[in-house]
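Take a look at the structure set out below.
Every number in this text was worked out from the coordinates using simple rules, so none of it is lab data. Nothing here was measured: the structure is a model prediction, and the numbers come from that model. Glycine also receives a Cβ, built like all others from the backbone with ideal geometry; neighbour counts cover every protein chain displayed.
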Amino acid sequence: MKRPEVLITDAKGWRTPYAMLAVMAGAMFLSFSGWSALLNNFSVERAGFTGREMGILQSIREIPGFLAFLAIFVVIVMREQTLALVSLTLLGLGVAVTGYYPSVGGLFLTTFVMSLGFHYYSTMETSLTLQWVPKERAPEMFGKIMSISDEIMWDYYSLLLLKSSSEIDVLKAGHPMENKKQLAAILCSMIHGEGTGEHEREQFEKVFSQNKRPDDMPSFSWSDLATEDSQTLLNLLGNSNLIQSKKEARRLIQQGSVKVNDERENDPFKVYNRPSEPMVIQAGKRVFFEVR
């Protein structure tokens, strides 16, 4: 009996594309950091590297980067998520055996294996992210990063952007809000594609600093959110799927965080009729959408 096909984007709970991307990203960071530490310890102390050998090693490390375009042929016979896992395995293998070959030739070989996994994984990570993480979630991501504390922000710079202590000290001389906007913009572009971060920064500043509506709010037809000519505010907000749940939608309405055409509304069961002109619903500071 043929097993029914299950799309990965339909996964629930912890077995989701986002969880997989997060685990793989964490594994990549730990592996690459481990390789960097091992290289610093072994290259001079055990392998007797000079500037010449270090230059050769760095050149070898870039070879798989030039060959990363071959991934388009590999995905013909292998699924992208499988290739990502295989690449991550190569990365981990290259790091794991580095300590067992503390010689010039050994480090050259393990560096090539590690770099092969690193560059092919990076290629697949970008592809899978674009497929699995919709750009519609970029404003949510930007807003969540902006909500972290100033102290935690520096951990993000250190762990996610690999900034050194000296680089972080330079950043600390600037304004925390600007540093946080920069962090959010960089991470949004990394996850959702080049240019997304700067766009979300502009929209964030328009909403929070200038008290204006964003330019690219989602737009729904009435039939997308309602099956009849009248519908409650709670259902309109909940059916948009821009709020985590109807329970959360009700909480936002009752605490006065929801506006309809710039008018605050705190009754979840207030009924609205099909509008003759576009109606804008705002939930909190980050969620805007238009109903036509």
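Below are the figures for this structure:
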item	result
Given 14 as the ceiling on other Cβ atoms within 10 Å, longest exposed-site-free region of the chain for GluC sites (Glu not before Pro) in DSSP loops	6-193
Quotient of Cα Rg and 2.2 N^0.38 Å for the stretch 219-291, N being how many residues it contains	0.96
Cα coordinate range in the stretch 136-208, projected on the principal axes (Å, largest first)	34, 23, 17
Partners for Lys144 among lysines (Cα-Cα distance below 25 Å; same-chain residues under 8 apart left out)	Lys12, Lys135, Lys163, Lys172, Lys180, Lys181, Lys206, Lys212, Lys246, Lys247, Lys259, Lys285
Nearest-0.05 FRET efficiency for Leu162 and Tyr100, computed from C-beta distance (R0 30 Å)	0.70
Rounded if a/c under 1.5, otherwise prolate or oblate - the stretch 97-225, Cα gyration tensor axes	oblate
Long-range amide H partners of Phe220 with built H, under 5 Å	Glu290, Val291, Arg292
Sites excluded, chymotrypsin sites (Phe, Trp or Tyr not before Pro) in DSSP loops with at most 15 other C-beta within 10 Å, longest stretch of the chain	15-268
Charge dipole (debye, nearest 20) of the chain; +1 at Cβ of Lys and Arg, -1 at Cβ of Asp and Glu	620 debye
With Cα atoms, 0 to 90° folded angle of helix 104-132 axis to the chain main axis	10 degrees
Computed label-point distance, nm, for sites Asn241 and Thr89 using a 7 Å Cα→Cβ extension	3.4 nm
Full-extension gain in nm, Asp155 to Asn266, via 0.36 nm per residue minus C-alpha separation	36.1 nm
Value in Å of the Kirkwood radius, where the stretch 8-133 supplies the Cα pairs that are averaged	15.4 Å
Rule-of-thumb Rg ratio for the chain [Cα; 2.2 N^0.38 Å; N residues]	1.28
Amide H partners (placed H, <5 Å) of Tyr101, local residues excluded	none
